[in-house]
Every structure is written in C-alpha cells, then in structure tokens.
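The values are calculated or read from the model by the stated rules, or taken from the named source; none is laboratory data. All values derive from a computational prediction rather than experimental measurement. Backbone-built Cβ (ideal geometry, glycine too); neighbour counts: all protein chains shown. Accessible surface is based on the protein model in full, side chains and every heavy atom, while ligands, DNA and RNA are left aside. Shrake-Rupley method; radii C 1.70, N 1.55, O 1.52, S 1.80 Å.
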Amino acid sequence: MEFTSFSEAIARTTALTRSDESALLIMGESGLGKSHVLNSVLHEPLAHTVLVRANPGESGLPLAGFAALFDAVRGDHSSNFAQEFSLKSEEPSELFAAAQGFLTALRGLNLSPILALVDDIDAMDTASQAVIGMMAGRLHDTGVRLALTATTINPAGPLSTLPVVHLAPMPPDVTVGIVRRHEPAADESSMRIMARYVRGNPQILCEQLPLLQPDQLTGTAWLTLPPRSTPTVARVSPRIAAEDDPVARIVLDAIALSPVSHVAVLGCVHPDAADVIEDLVDSSVLLQSGPYVRLADSRLRIRLYWSQRACVRRQQHVELAAAAVGVDPHLAAWHASFGTIDTDQVEAVLASAIWLVRRRWIGSAVEFTEHALSRAPNIEDHAESLIRLCSHLILTGEVSLAARYSARARPQPSAPKQSMDLAALKLTAQMIDRQMLVDEEAKAIAAFHSQADQDGASNLLTLATFYRAERWEVDEARRLFGSVQDHLPNVSETTREKIRAMSEILDALDGSAGRKGQCTSVTLARTAPSPPDLLLMQGRALTWRERYADARDVFALVINHPDARDRIWTDLATYAAIGNEIDAGMFRLARTAIDAWGQSSPWINRGSAMHALIRAWRHYSLGETDAAATLIDTVLDRASKESTQAVRARAYALRGAMDLLIGDPEQAVTDLRHVSTLSRRFRNPTLLRHWADYVEACVLTDRNQEAAAAVSALERRLAVHNSRWGALALARCRALAQEGPRSLGLFADAVRMFDHAELPYELGRTLLCFADRQDALGRPGDGRQTRLAALTAFEAAGADSWAGHTARPEAAIGRAGERTLLDRLTSDEQEVAKRVMLGLRTKQIADEIYVSVRTVELRLTHMYRTLGVRSRTELVALLSGSLPRDEVTHARPPVRPADNGGGQVPGTIAAMIVPSPLRRPGTGSGSPSRRGP
C-alpha cells in the first residue's frame, strides 16, 4: 500500500477543482488527521467549499447523511429533499435509481463549481454511503466535486471504486507542532518523547495531555513511560490472534514491561516462551535483533502494559530481574529498579541507557533514563553519568534530548572538567536546538576553571566562538576568542590546531588576508589523521576563503572519516557542503546535499530560520517561486525571534534575486535595500552577494545614481577585503551601470574574467545581463548567441530557475515563428517540447504525460532530426528564438555542460559569446583572457 503525506493529501484534494477526477477518498486510521486535511482545504482560497460531518446518531436513518450533503451543496436553491426523494428499499437497484435521480436534480440546479468535503462518510447510514459512492464517479457535468474521508469501507461497496489516498502517519515534528498549537504550555522535549509512542497519530498525543501531571506537561518532572492508554489507542492498536492464547498472552505481557527484552530472560515466564516468541517474530508482531526482541507497534505495548494491574507488573519485574542476573546486566538493572532503589541502582540504569544510545536504540534509552531519574533520591549524584549520556545523545544527533537532560544536571563543585563538559553540552544544545547563544556562562566557567584545565577552557571558548562565527557575528566571536590564544603554549597539539583553525575562520569571515601559510588544511588533512571536528572547522574556513573545491574535498573526508559512524559528523559535513556548493554556484550539487541532509537527519531543527532558508533556496533554484516566497516570509519571522541578522539579510538577498527572476525589479530594489542596510554589520562583501542584483535592479528601474553609489560602495569594500567573487561581481556591476555601447566592452571584459568551470551561476547571470544589453542596443543576433551561452551556463550549474527564465517558454510558444516550428512536430512531440521549454527533466516529462522515460527519449530524438538540432539546449534556444533557424545546420562546436555531476562551463564559451569585434587581439576560442576589474 502506498501512503500519502499530509501536505500531498491537501494538494490532491484542492486539485479536484481543476482536474478530471470528480471525487477522492482519503483513508487512514482514527485520529491520524483526516479531518485536519479537510479543515485545511476548507481554508484554502478555492472555489466555493462546504464541509459536512457525519452524525453517528443518524446512522440508522436511511439517506440522512446524503440529505445533509444535498442541503449543503444546493445552498439557496429552492428544493425540498424530503418531498422530492424517498427510498422504498435498500436493494442495489433501488439505490442506483436513487443515485440517478439525485444526479438529475443536481444538474437541474445549474450550480457554480463547488467542492464538497464529507468527513467520516463511514459513520453515515449505509444507504447514504452507497448512493454517494454510486454518484461520485458521475459528477462531471454537475459542478460538484467530492472529497470524502473514512477509516474503513466495505471492500465490495460503491465507495471502493473511488480514487483513494491512504494517509501516512505524520512525522514526529508535525505531530508535536499540532499538539503544541492545541496546548502551547506543553514542553517540546516531553512531547517529542511521547510522540515516539503514537506512531504519527496526533489524536493519541492530544489525549495524553490531560493525563499528565502539570509539572510533567511543562517539562519540570520526568515522564511516566510508556504513556497511558487512551480511547484512540484502544481503537487503533492492532488486535492479534496471540492475545487469545493464554501462553502467548503471558509472554506478551512480560515483553510489554520493558522497551526491549532478552529472549533468554523471557524463558522464566513460561517454558514455551521461546516457541511463542519465534511465532510472534514470524508474524511481525515482534522485531528481533540478536537475542533482543521488542513489540513492533508501540501502541500495542501501551495497551498491553496498562491492561495489567500494578501489583502484577511489580511481581513480574521481580521475576524478570532475577532471571536477567548473569544473562543481561542491563535488563537486570531495569527490572530491579521497580522495587526499592538506591543511588547505585540509578547509576546502573543510567549506564544501561548509555549502552542503549550507543546501539542507537534511542527510544529505549529515553525510557530507561526517564525512569531512573524519576526514582533518583538526588539527581546531583549522577552528574557524570548524565554528562556521558548527553555526549552520546549529541553524537547521534539527538540534541533536544541532550538539552533536556543536561539542563537538569548539576556538576560537583570540585570537578572542573564536569563543569566545562556540561557547559559545552548546553552550548551545543542551545545553538543547534534553540538557535540561541548565551556566552556569559561559558566565559565564567572557563575563567573559573582555566588554571585546573586549560585544554578544557580553551575548547569551551573555541566552541562558543565557532557558534558565533556560524552566525557571522565576528565582533562577538573575536571578543570570546581573545583569551583563548593566551593559552596556546599550555594546551595540547590537537587543541592548538583547533585554535589555529578558528583563527582562520575569523580571518576568512572578515575577508582579511590572515597569516601567511594559513588555509593549508587540505594538505594537512590528506597526510595527517585529523579529527572530524578539526576538519569541519578547516573546511568552513576554506569555503569563506572561496576555495570551494578544496572545501568540497575536506567535507568528503569528514563524511568518510573513520569516526564518522557517529551521525553528528556526516550531518554537519553535509550541512557545511550545502553552503559551499551554493556559494560555488553548483546548484545541482547543493540540491543533492540538501536532499541527503533533509530526509531523516535528527540534527535538523525544522523550526529554525536557517532550515527554512535552505528549503526556500531549494525551491528558488528549481523555479518554484510561490513556495520559496512563502518560506522566505517564515525565515524573516523566525530570524527576528532568533536575533539572527545574518539569516535575515540572506533571506532578503534571496528574495531580491527571486524578484529579478520573476520580473519585478521595483520590489527587488526594496528588498535589496534591506540587505544593503543589514550588510553594514558584515564587513566582508562576499558573504551576502547581493551587490550585482542590487545594481541590476536599480538600472532596470532607472535609478542610475543609486546604481552608481552601489558600485562605489562595493569598490570600497573590495579595496579592503579581497575577493574573487567580488571582482567578478564588480565587473558585472560596472558594465550594468555604464550606459550605451561602451557597456558592451565592459560586459565582454567581465565574461573573459571567468576561468574554466568557475562560478557557473554567476557567469550565467553576467551573460544574461550582457544579452539584454545587446538586445537593447540593437544587436539581437549577438544577444541570441549570448543568451544561448547563458542558458548553457545555467544548465551547467543546475540553476533550473534561471535556465527556464532564459529560455522564455511563454514567449517561445506564443510567437508565430515558433508556432510554425511547433507545427512541424506531432501533437505528442509538442507536449514534450512544451515541457522541455519549461525546464522539466526527462523523467518529470514522462511522469506528467504518463509514458515511459524511453518513449520521451525517442520523441526527443525524432524532434532533433525534424528541427535539425543536436541537443536539448539547441532545441530550447531554437524554439525561444535564441538560435536563428538558418544557423541550426551550420557546423559549430556543440555547447553543453560536461557530465561530471555538478556541470562545467566549456572553455570555449568566451569565444562563442563575445562578438568578434569586441575580442581582444590574441584571445583564442579556447583561452579566455583573465583580467581583474
């Protein structure tokens, strides 16, 4: 069975108003969010929408449910349902006749388009279900579309013939978000823990809220786990045949007492336990890993656990604890902790929790931890264990859990290492989970304990400095870092290397030259076994030094590092790679990294401004501007709450670029002025990269003086902060700001500055501006050639949004000349051609027109022969008017990106796009001249 996400279900439902489908059935278990889908659709800006909820009290009245639907649909139209329609029996022929009569009545109403949402149709009377099911596929000429929800339906009934989507369980963060909107006081970490037990069913989690003590709800007391049973748990937890077998039930009850159980230990509850367990594993009721088993459905465990009386559970724990001695010390400690408990026993359970984290059994580890801490006589006695537990949680990416447990730990006053380790844990959790920093605690702890542990103090302050640098808060970072360098002579070589790497990062962020010999990390990394955290710091410095290929190598080293089995390093290296590829103009590689990072990474705080910004950039890169615009609004709101000015500035810069993409330079000027204001905080002009967009927007809106002022501002910045990107951007800015034919020479110079495969996105933007200027100055032939080169550069970068913009599909398909070209193609080929013009890939085209990828490829090949082109790029250029028809058969070197995963701009591109009168003597087609601004 294929499942559909919540957002996809909403999209599929809203699409009914413009698709050939007349009805859709949304199915899912009770409490999964089916009603929430309909409520969301109800508030969409669609055609007239009505919502009808089934009334279980009327389930015995034939056609009562349909009467409610008919009344909602007809609105003010005069019609009396009771007088016009009656049902003599519920025989299939009578029901079909009634459905035909209702359809005739609906057609007679001449309704405007209306989307009718019916919630819980399976709770309606059976006659209504049958009639609605018979009608649903025949509504095309009535103006009515139906979206229905149900938990179960008769597989042989009329509803079974409808198009159906099965609603998938909600992701934990969505589930928690719904519950916290319902109860804002609910502690997020508590809700995340409990969400592990509900399997994506938000109704179960909502039902847990009144069962919690007030201090449990707010996160100041430990949770009772597993959570208590609720009505929805009783409805949706699977009923298994083994529950009716007395022996199997005894074994199941024993398994329910622990989040994980040992097969040998369970032998104490019944001699046949091993055979029962084997049968339960075979039937997928249990999951097995070596000698350990656990219930596959946590809701079944909840029901089995709370169906046992407390005294029975206690006695079972005693027996299982005795059986586990000598077999499994972790389960022996767990079961013994339900009797009288002391500090040593709490320590034993916490040690078992750490063991579970190391095995990546996080849910079981959390249950052990919550139980141990709830029984601990004095939590201060367990600081060392909690620090080790939190360290392992962070290494697996469970930052919110580390924040929960580190917040309650209290170090021993005589243990400086404990204090600094705990401060580092809190700092990491605050930065990653909450996006907030508090430096004072780190500085005070480091100062207090620096004499006893200089390595620890230096590492703590370096960590705090790194997090400030990630927010581009260089001045604050340097203030923190000032005292670290005083410890250099007295710290270990590893700590000394981290301090040097941190110094490189700060110099790179500032755009200053730094010390001679810095940024040699690639060579060092390949010859020395550097730890992954040091490599990450060196890689970030390389990115900000604009050494993108070197940084790419370093992040690959981290991902393949021997210590990278801990999730933290692969996640953080992938996150760093995203920024590196965006800055390098390698959009395709950046999207690949985003997709790898975003699927299941526990490190991602999906509520942070930075996460929303990355998602917005991805939509922008694909040309999905509406989705990107919505997310940018979210970014700006979150960034204000997080006080992250760098993210705010980047969001405005992204929106300014998108304004230019969609042809709104006036709005671009407004947005990019915000960036210019915020950029005063960031001395390095390379960080925000809005300058050329700002100048372009000003020129397009005839703000020439403002454009000139922006050029001068960038020149002043670059005089102090050297930057390769800045030099290329400045050349484009100067060409844009120059009026008349002289600007063409400046554009040609700007293009020549690019090295082979260097910043392909920036090259495409420069070429596109050049083509627009050539068109404006009456040189359309040169403009066509330059635009084709821009298209090539954008395709090389994977900048699909700008490639589609450059191809101008709406103009191409609408012009008479190109219509003649399209008429030379078959209707099937025209469908492919239109989608190629929109920038779709071969597989996307195949999915849209319901054919195989091979069929699309064959049609493309035939189209190339028909039109005399040799590639997709030439096809787009020809249909868009960028390539004259009389040139398609001329012999010329093909222009296409190299197939290297990220794409490269060919070395002959400068010769192809710079008209010969503007070429400098000695500039050959394969050797573009590189000059400074």
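Figures for the structure shown
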{"quantity": "Residues with amide H under 5 Å from that of Thr4, placed H, sequence gap 5 or more", "calculated": "His166, Leu167, Ala168"}
{"quantity": "Structure-based [θ]222 nm, the chain - -39500 (n - 2.57) summed over DSSP H runs of at least 4, per residue, nearest 500", "calculated": "-18500 deg cm²/dmol"}
{"quantity": "Structure-derived semi-axes √(5λ) of the Cα gyration tensor in Å - corresponding label in (1) 53, 36, 29; (2) 52, 31, 27; (3) 52, 46, 23", "calculated": "(3)"}
{"quantity": "Efficiency of FRET from Cβ geometry, Arg841 and Ser19, R₀ 22 Å, rounded to 0.05", "calculated": "0.45"}
{"quantity": "Region 289-348 versus region 167-214: alpha-carbon centroid distance in Å", "calculated": "25"}
{"quantity": "Pairwise FRET efficiency - Ser512 versus Lys417, Cβ, R0 = 56 Å, nearest 0.05", "calculated": "0.95"}
{"quantity": "Net charge dipole size for the chain [Lys, Arg +1 and Asp, Glu -1 on Cβ; Debye, nearest 20]", "calculated": "3180"}
{"quantity": "Charge context of Glu58, other residues only, Cβ under 15 angstrom, K/R +1, D/E -1", "calculated": "-4"}
{"quantity": "Cut-off 10 Å between beta-carbons: net charge of the residues surrounding Leu148, Lys and Arg +1, Asp and Glu -1", "calculated": "-2"}
{"quantity": "Lys pairs under 27 Å by Cα in the chain, provided they are eight or more residues apart or on distinct chains", "calculated": "10"}
{"quantity": "Built amide H within the under 5 Å cut-off of Arg53, gap 5+", "calculated": "Asp119"}
{"quantity": "Estimated vicinal HN-Hα couplings, Hz - region 136-147 in sequence order (Karplus 6.51, -1.76, 1.60; Gly, Pro = x)", "calculated": "4, x, 10, 9, 4, 9, 9, x, 9, 10, 10, 10"}
{"quantity": "Fully extended contour minus Cα-Cα distance, from Asp342 to Glu715, at 0.36 nm per residue", "calculated": "127.3 nm"}
{"quantity": "Net +/- balance of residues flanking Asn459 in space, Cβ distance below 10 Å, scoring K and R +1, D and E -1", "calculated": "-3"}
{"quantity": "Share antiparallel - DSSP beta bridges, the chain, percent rounded to 5", "calculated": "20"}
{"quantity": "Gain in span if fully extended, Ala274 to Gln315, counting 0.36 nm per residue against the direct Cα distance", "calculated": "12.7 nm"}
{"quantity": "Additional length obtainable on full extension of the chain from Arg496 to Ala556, 0.36 nm per residue less Cα span", "calculated": "19.3 nm"}
{"quantity": "Simple spin-label estimate for Asn55 and Trp355 in nanometres, 7 Å along Cα-Cβ", "calculated": "6.0"}
{"quantity": "Carbon and sulfur %, accessible surface of the chain computed with the full protein complex present, 1.4 Å", "calculated": "51"}
{"quantity": "Rounded, prolate or oblate (a/c below 1.5 giving rounded, otherwise prolate when a/b exceeds b/c) for region 755-795 by Cα gyration tensor", "calculated": "prolate"}
{"quantity": "Region 178-192 - phi-based ³J(HN,Hα) in whole Hz, Karplus 6.51/-1.76/1.60, Gly and Pro as x", "calculated": "5, 5, 6, 5, 6, 9, x, 6, 5, 5, 5, 5, 5, 5, 5"}
{"quantity": "Peptide ranges 616-628, 149-161 listed from the most packed, as the mean C-beta count within 10 angstrom indicates", "calculated": "616-628, 149-161"}
{"quantity": "Placed amide H near Ala23: partners under 5 Å, 5+ positions off or other chain", "calculated": "Leu146"}
{"quantity": "Shape call, region 609-814: gyration tensor on alpha carbons, a/c limit 1.5", "calculated": "oblate"}
{"quantity": "Karplus-derived 3J(HN,Hα), 6.51/-1.76/1.60, for each residue of region 750-755, Hz, glycine and proline x", "calculated": "4, 5, 4, 5, 6, 7"}
{"quantity": "Most to least accessible of Phe587, Phe338 (protein chains only, probe 1.4 Å)", "calculated": "Phe338, Phe587"}
